[in-house]
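Input: a single structure, listed below in structure tokens.
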Amino acid sequence: MKFQGTLGDTHQDGKAGGQGRTAPPTIQAALRTETGKGWLTISPPLLYAFLLLIGPILVIFANSFWTQDYLTIDRTFTLANYKAALSEPIYRDLLLRSLQVSVSVSIVTVVLAFPVAWFVSFRGGRYKGLWLFIITVPFWSGYLLRILSWKVILGYNGVINTGLLHLGIISEPLDTLLYNTTAVIITLAHSWAAFAILPLFVSLEKIDRTLLEAAADLGDGPVRRFMRITLPLAMPGIIAALMIVMIPTVGDYVTPKLVGGKDGVMIANAIQVQFGKAANWPLGAALAVSTMVIVAVVSGAMVLLLLGFRRLMK
Amino acid sequence: MTNETMIGITDVEKHYGSFRALGPVSAEIAAGEFFSLLGPSGCGKTTLLRLIGGFDDPTSGAIMISGMSMAGLPPNKRPTNMVFQSYAIFPHLNVAENVAYGLKRMRLGREEESRRVDAALAQVELTGLGPRMGDQLSGGQRQRVALARALVMRPKVLLLDEPLSALDKKLREQMQVELRHLQRQIGITFVLVTHDQYEALGMSDRIAVMFAGRIAQIASPREIYQNPASRQVADFLGGMNFMTCRDFRTQGAEYSALLPGLGTIAGKLDNGRGIDPDNATIGIRPERLRIVWDGETADPKIVGKVIDRHYYGEITNLLVSIEGQENPVSVVETNDFGADDIPVGSSITLTHDRDAFVVMEG
Ligand SMILES: Nc1ncnc2c1ncn2[C@@H]1O[C@H](COP(=O)(O)OP(=O)(O)OP(=O)(O)O)[C@@H](O)[C@H]1O
Ligand SMILES: [Mg+2]
């Protein structure tokens with residue numbers, strides 16, 4: 001192989017090969033073009049993304065079409081896993097419950113996070129940075145620790161029950177607080193609060209305050225201003241926050257395991273069992289892929305719904 | 001223009017912490033008047049305009065609009081509308097929706113609303129641009145949409161915060177003419193903030209010149225230019241030659257003074273504005289000094305030497321040093337007699353009208 005260029009002509013950052021040259025472009029020459037340089041620059045993160053993100057997905061995807069044969073994997077193509085994943089009542093129920101939990105969690109989290117983000121952005125003054133810092137403080141403790149602390153709060157002898165007993169509101173501890181879907185929703189909503197607050201804060205920060213003054217000038221009071229300007233312009237942040245919370249919570253299995261009890265089990269717990277104790281990777285993979293697709297569809301529907309709402313707000 | 005007062009501003013002050021950004025200022029703006037607030041950056045123009053519009057509350061003092069106290073009233077309850085310096089076009093709405101924004105609440109019905117929107121768009125020559133999104137407009141278009149959006153509300157007072165400063169020179173001059181036309185045509189009160197003296201002079205019925213939170217003078221453009229109240233006002237509006245002066249005396253409404261190199265001058269103190277002889281400056285506008293060409297007779301004759309020359313196309317600005325004067329005077333001449341041919345270093349004879357001098361504070 002012959003070098004097309006020498007050090008001397010690296011200054012011509014144009015196309016590979018000069019005018020009238022007929023020699024085929026080599027890799028070196030191709031790398032000197034704008035596009036080539038671009039690819040070169042992003043190649044480390046691209047490689048990283050491919051190995052750590054796309055690679056595993058491909059493995060899962062492939063597995064979902066195979067069959068577990070005791071200790072070995074039978075690599076003939078089959079849709080049997082999907083059939084099982086989508087038709088067996090146990091998995092269907094778990095999937096529906098997971099969706100219900102994750103949609104509820106994302107809505108609850110965003111509804112609770114919005115006022116916080118609004119307050120920091122609009123009323124934070126020069127202490128915005130400090131407020132954001134304070135918001136992240138609870139997240140310095142471990143994930144497990146936070147879940148376990150909700151166990152302490154919601155438990156039979158927990159903070160809420162003893163408090164209510166002391167106040168005489170109840171005569172014996174409530175056993176409906178912990179080990180059910182509601183407990184899972186409460187705990188997850190708390191876990192993801194900061195992740196919802198940040199995108200909401202950013203989108204609220206980006207709203208030009210004179211737009212709100214202009215709305216006031218044109219006759220709108222605070223509520224109409226909020227509905228017609230703040231909310232539609234914060235919509236990208238709201239969508240981002242919903243997705244950031246919803247997508248990972250579908251697959252959460254630690255929280256349901258610790259505070260969900262029998263009724264709080266979610267699809268990820270089943271997937272975990274298939275990859276672990278039950279040792280049926282293909283079924284686990286089919287469950288995972290099904291979940292992924294369904295979550296994507298539900299997210300898309302939510303986005304469309306919100307954009308429609310935004311159009312309505314005009 | 002009627003003489004009925006539209007906006008009354010009485011001893012208004014605005015403090016930010018211990019910093020007094022404005023005041024105390026007082027002014028009366030007549031109904032149908034085109035009133036400008038002119039002053040350098042940071043002098044409090046926007047602050048005053050925002051107080052009139054209700055976006056901020058004055059620390060003290062009172063603002064009346066159309067005979068009603070505005071104390072505590074938010075912008076949405078005031079008979080004013082504002083064209084913001086940044087235009088504040090709603091980016092998620094198209095042009096027609098932007099213009100219709102304030103009409104929505106009135107529930108006019110679809111037909112009446114779109115009739116008014118179309119009329120407002122026609123008024124600012126944006127017919128047909130209705131479906132364009134708010135974030136896809138040029139500077140001039142944004143400015144017109146902001147104007148249409150405010151005018152469609154039929155306010156008693158339109159507040160404009162440097163509405164033309166973001167436009168290029170050509171478009172700015174065109175919009176100045178159009179704004180002035182529009183104001184005459186619809187007859188509502190305009191309060192315009194600007195730091196461009198030509199804009200203020202060319203468009204306004206009256207101008208308030210502001211410095212450091214205070215109003216230095218309120219008068220018609222001609223009055224402000226020809227009879228500035230203070231050295232600061234004169235300096236801000238156009239050029240002014242401040243003369244070295246000895247022996248300044250006043251007697252009633254008359255004054256006399258000795259200007260080294262120019263002789264003794266005398267004249268009337270205008271408008272009965274009293275003046276403290278110890279704090280007075282005499283000046284003359286550069287265009288009021290004229291070159292005396294060979295063979296011309298003139299009285300008085302002032303001899304000087306050209307030390308610099310600036311050519312501006314239709315005019316030439318000569319810097320002339322005069323014996324006895326500390327600073328060289330600037331002389332502006334049109335080029336039709338050949339002022340642009342006078343070489344630097346040559347001697348020159350100047351003259352002026354007897355009443356060309358201005359006495360001002362400072
Ligand atoms: N929110 C605020 N907090 C503190 N100081 C302020 C605030 N708003 C304005 N100021 C100060 O008040 C003074 C007047 O400001 P203002 O905006 O009225 O100036 P302006 O005349 O409109 O200037 P420009 O021509 O640059 O727009 C300035 O010194 C400014 O720094
Ligand atoms: Mg300003």
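Nothing in this text is a laboratory measurement; each read-out follows from the coordinates by a stated rule. Not measured: the values here are computed from a predicted model. Cβ atoms come from the backbone with ideal geometry, glycine included; neighbour counts cover every protein chain shown.
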Toward the positive end of the charge dipole of the range B:5-234, about the Cα centre and with charges on Cβ (Lys, Arg +1; Asp, Glu -1), which of B:A234, B:I207, B:L164 goes farthest? B:L164
Report the local net charge at B:R50: Lys and Arg +1, Asp and Glu -1, summed over other residues whose C-beta lies under 9 Å from its C-beta. -2
To the nearest whole number, what is the average tally of beta carbon atoms from other chains within 10 Å of the beta carbons of peptide B:90-100? 3
Could you give the angle, 0 to 90 degrees to the nearest 10, between helix B:139-151's Cα long axis and the longest principal axis of the Cα atoms of chain B? 60 degrees
Output needed: percent of Cα pairs per 5 Å distance bin for the range B:78-148, bins running from 0 to the one holding the longest distance. 3, 18, 29, 27, 16, 6, 1
Just want the answer: with Cβ charges of +1 for Lys and Arg and -1 for Asp and Glu, which residue in B:I218, B:T264, B:I275 is farthest toward the dipole's positive end in the range B:216-288? B:T264
Per residue convex hull volume, Cα only, chain B, in Å³ is 172 Å³
Stokes-Einstein D for the protein assembly as shown at 25 °C, 0.890 mPa s, Kirkwood Rh over Cα pairs, in µm²/s? 75 µm²/s
Trypsin sites (Lys or Arg not before Pro) restricted to the range A:167-229 and DSSP loop, no more than 15 other C-beta within 10 Å: A:K206
Peptide-level mean, for A:205-215, of C-beta atoms on other protein chains within 10 Å: 5
Taking the Cα atoms only, what angle lies between the long axis of helix B:110-123 and the longest principal axis of chain B, rounded to 10 degrees? 20 degrees
Can you pull out the chymotrypsin sites (Phe, Trp or Tyr not before Pro) in the range A:150-183 that DSSP calls coil and that have at most 15 other Cβ atoms within 10 Å? A:Y156
Listing B:L137, B:L201, B:L108 by rising number of other beta-carbon atoms within 10 angstrom, fewest first, gives B:L108, B:L201, B:L137
In the range A:261-285, which residues have a backbone nitrogen under 20 Å from the label point lying 7 Å from A:A84's Cα in the Cα-to-Cβ direction? A:266-285
Taking beta carbons within 10 Å but only from partner chains, what does the mean come to for residues B:148-158? 1
In chain B, once you exclude exposed GluC sites (Glu not before Pro) (DSSP loop, at most 16 other Cβ within 10 angstrom), what's the longest stretch remaining? B:126-295
Assigned charges on the beta-carbon of Lys, Arg, Asp, Glu; chain A dipole about Cα centre (debye): 620 debye
Checking a compactness column here: for chain A, what do you get for Rg(Cα) / (2.2 N^0.38 Å), N being the number of residues? 1.36
Counting other beta carbons within 10 Å of each Cβ, put A:L305, B:L129 in order, fewest first. A:L305, B:L129
Evaluate the charge dipole of the protein assembly as shown about its Cα centre and quote only its size in Debye, nearest 20, assuming +1 on the Cβ of each Lys and Arg and -1 on the Cβ of each Asp and Glu. 2800 debye
Net dipole in debye of the range B:5-234 [+1 Lys, Arg Cβ; -1 Asp, Glu Cβ; about Cα centre; nearest 20]: 240 debye
Calculated [θ] (222 nm, deg cm²/dmol) that DSSP helices of n ≥ 4 give over chain B, each run adding -39,500 (n - 2.57): -6500 deg cm²/dmol
With B:T334 itself left out, Lys, Arg at +1 and Asp, Glu at -1 over residues whose Cβ is under 15 Å from its Cβ give -2
How many lysine pairs does chain B hold where the Cα atoms are under 30 Å apart and the two sit 8 or more places apart or on different chains? 14
Final fewest-first order of B:H352, B:H15, A:H166 on the 10 Å Cβ neighbour count is A:H166, B:H15, B:H352
For the range B:239-361, the Debye formula with one identical point scatterer on each Cα and no solvent gives log10 I(q)/I(0) at q = 0.09, 0.19 Å⁻¹ as -0.26, -1.01
What trypsin sites (Lys or Arg not before Pro) in the range B:249-313 are in a loop by DSSP, with at most 13 other Cβ atoms within 10 Å of the Cβ? B:R273, B:K301
Compute the longest continuous run of chain B that contains no exposed chymotrypsin sites (Phe, Trp or Tyr not before Pro); treat a site as exposed when its DSSP state is not H, G, I, E or B and it has at most 15 other Cβ atoms within 10 Å. B:1-292
Positive dipole terminus of the protein assembly as shown, leading residue within A:S290, B:V320, B:A339 (C-beta point charges): A:S290
The answer for the net charge of residues other than B:A212 whose Cβ lies under 12 angstrom from its Cβ, with Lys and Arg +1 and Asp and Glu -1, is +3
With axes computed from alpha carbons, what is the tilt in degrees of helix A:193-205 against the longest principal axis of chain A, rounded to the nearest 10 within 0 to 90? 60 degrees
Please compute the volume of the convex hull spanned by the alpha-carbon atoms of the range B:79-235 and report it per residue in Å³. 121 Å³
